[in-house]
Amino acid sequence: MKFSFKNDYSEGCHPNILQALVQSNFEQQAGYGEDEYSLQAKKLIKEKIKKPDSEIYLVSGGTQANLIVISAILRPYQCVISAAPGHILNNETGAIEATGHKVLSIDTQDGKLRPSDIIPVLESHGNIPHQVMPKLVYISNSTELGTVYLAQELEELSEFCRQKGLYLFMDGARLGHGLTCEINDLTLERVAELTDIFYLGGTKNGALIGEAIVINNKELQPDFAFNIKQKGALLAKGRLLGIQFMELMKDDLYFDLAKHANVQAMKIKNAMTERGVQFLSDTYTNQIFPIISNELIEILLQHFEFFVWKKIDEKSSAIRLITSWNTGDEAVERFIEIIKKELQ
């Protein structure tokens with residue numbers, strides 16, 4: 001059986017979550033997120049971000065979180081700014097556009113946005129009222145290219161957005177991986193201070209399903225629950241999400257799982273770097289994009305599953321390898337063994 005490096009959600013969930021679900025299975029709890037587990041999960045998240053006034057909503061997935069957040073806080077004539085690799089542009093079947101909001105794309109080499117990238121977009125949308133109004137900046141951390149925002153970068157972007165009257169929304173599907181990589185200098189608390197809204201992704205980090213939306217800007221909090229319900233995201237059995245995030249937040253399990261995934265990816269990255277392999281982007285999280293020959297790709301595909309990400313030339317391509325919270329040493333060692341053999 002091939003081992004998959006295609007994504008970080010191939011497995012079910014961490015055993016602690018499964019055990020908690022089984023143990024609580026016959027308990028009767030309130031519905032729609034008012035159960036004791038959901039309330040405890042939200043309390044733990046608020047304690048970690050040190051923002052008791054933030055509001056937290058648990059939903060089932062990342063696309064759902066993105067379309068609910070964006071459609072809830074924007075007026076019909078307002079739009080979103082995103083880096084070209086952004087998940088809302090490439091992997092959500094036009095979900096944002098389907099809510100009536102245009103997404104403005106900016107090409108960046110590393111998948112991150114900076115004030116200098118956004119200024120031209122604002123300057124080119126000054127024909128009022130004939131053009132859509134840029135109002136929200138969408139970023140991912142870690143990004144779709146595996147890169148991360150350092151503290152100074154996020155601080156500068158946050159200040160710029162506030163000066164320009166733009167909301168800053170962070171897609172945190174892999175936020176755990178971003179915050180636990182070896183070059184990171186951000187904290188979860190600082191992320192909460194610098195963003196209007198972000199979410200903690202559980203689906204890609206040990207949960208069965210689930211993302212925790214955190215609304216820090218008080219102006220955006222009123223009536224948000226109506227949007228959750230209207231978009232079909234308010235689970236009657238909200239305990240399913242609450243139990244998972246309670247377990248992930250307890251004893252920092254969420255961050256331990258993400259760190260493990262990063263460490264496994266870096267083992268592969270270091271082994272390939274030692275043999276002269278170049279990478280599409282310089283990453284320190286659980287996503288790496290090595291550029292290798294098409295012949296080597298065919299050999300690796302006999303033993304592993306992964307995406308061929310981008311054609312570089314006639315002889316080589318960049319592949320994407322993603323390690324998960326459950327990626328074991330055996331799979332990593334086998335991959336490195338083949339690399340060492342083929343790249344002597």
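The values are calculated or read from the model by the stated rules, or taken from the named source; none is laboratory data. Owing to the predicted nature of the structure, the values given are computational and were not obtained by experimental measurement. Cβ atoms come from the backbone with ideal geometry, glycine included; neighbour counts cover every protein chain shown. Side chains are part of the model used for accessible areas, which takes the heavy atoms of the whole protein and leaves out ligands, DNA and RNA. Shrake-Rupley method; radii C 1.70, N 1.55, O 1.52, S 1.80 Å.
Side notes on the structure shown:
- Residue in the stretch 38-50 that is farthest from LYS250 (Cα to Cα), counting only those that are open to solvent by 60 Å² or more (accessible area, probe 1.4 Å) and more than 20 Å from the chain's Cα centre (by Cα): LYS50
- The stretch 1-26: number of residues that are open to solvent by 30 Å² or more (accessible area, probe 1.4 Å), among the aromatic types (Phe, Trp, Tyr) and within 20 Å of VAL332 (Cα to Cα): 2
- Within the stretch 265-276, being touching a helix residue (DSSP H, G or I) at 6+ places or on another chain (Cβ under 8 Å) and not charged (D, E, K, R) holds for ILE268, ALA271, MET272.
- Sole residue being within 18 Å of LEU39 (Cα to Cα), of a type in the set (Val, Ile, Thr) and in contact (Cβ under 8 Å) with a residue 24 or more places away in the chain, chosen from ILE197, ILE183, ILE213: ILE213
- Sole exception among (1) among the aromatic types (Phe, Trp, Tyr); (2) open to solvent by less than 10 Å² (accessible area, probe 1.4 Å); (3) under 18 Å from the mean Cα position of the chain (by Cα) for PHE335, by number: (3)
- In the stretch 146-160, the residues that are surrounded by fewer than 24 Cβ atoms within 10 Å (Cβ to Cβ) and assigned to a loop (DSSP other than H, G, I, E, B): LEU150
- Subset of the stretch 15-56 (residues that are among the aliphatic types (A, V, I, L, M), touching a residue at least 60 places away in the same chain (Cβ under 8 Å) and either touching a Ser or Thr at 6+ places or on another chain (Cβ under 7 Å) or not in a helix (DSSP H, G or I) (or both)): ILE56
- Cβ separations smaller than 7 Å between residues 6+ apart or across chains give the following pairs from the stretch 282-305 residues that are closer than 18 Å to ASP8 by Cβ to residues that are open to solvent by 50 Å² or more (accessible area, probe 1.4 Å) and of a type outside the set (Ser, Thr, Tyr): TYR284/GLU182; TYR284/ILE183; PHE289/LEU280; PHE289/TRP309; PHE304/LYS2; PHE304/PHE3; GLU305/LYS2; GLU305/LYS6.
- Subset tally (residues that are in a helix (DSSP H, G or I) and open to solvent by 20 Å² or more (accessible area, probe 1.4 Å)) for the stretch 161-185: 5
- Hey, TYR9 in contact with a helix residue (DSSP H, G or I) (Cβ under 9 Å, 6 or more places away or on another chain), outside any strand (DSSP E or B) and among the aromatic types (Phe, Trp, Tyr) or not: no
- Residue in the stretch 243-250 that is acidic (Asp, Glu) and open to solvent by 50 Å² or more (accessible area, probe 1.4 Å) present: no
- Only listed residue being in contact with a helix residue (DSSP H, G or I) (Cβ under 7 Å, 6 or more places away or on another chain) and not aliphatic (A, V, I, L, M), chosen from SER116, SER140, SER124: SER140
- Selection of the stretch 74-86 for residues being open to solvent by 20 Å² or more (accessible area, probe 1.4 Å) and either modelled with pLDDT under 95 or of a type in the set (A, V, I, L, M, F, W, C) (or both) yields ALA84, PRO85.
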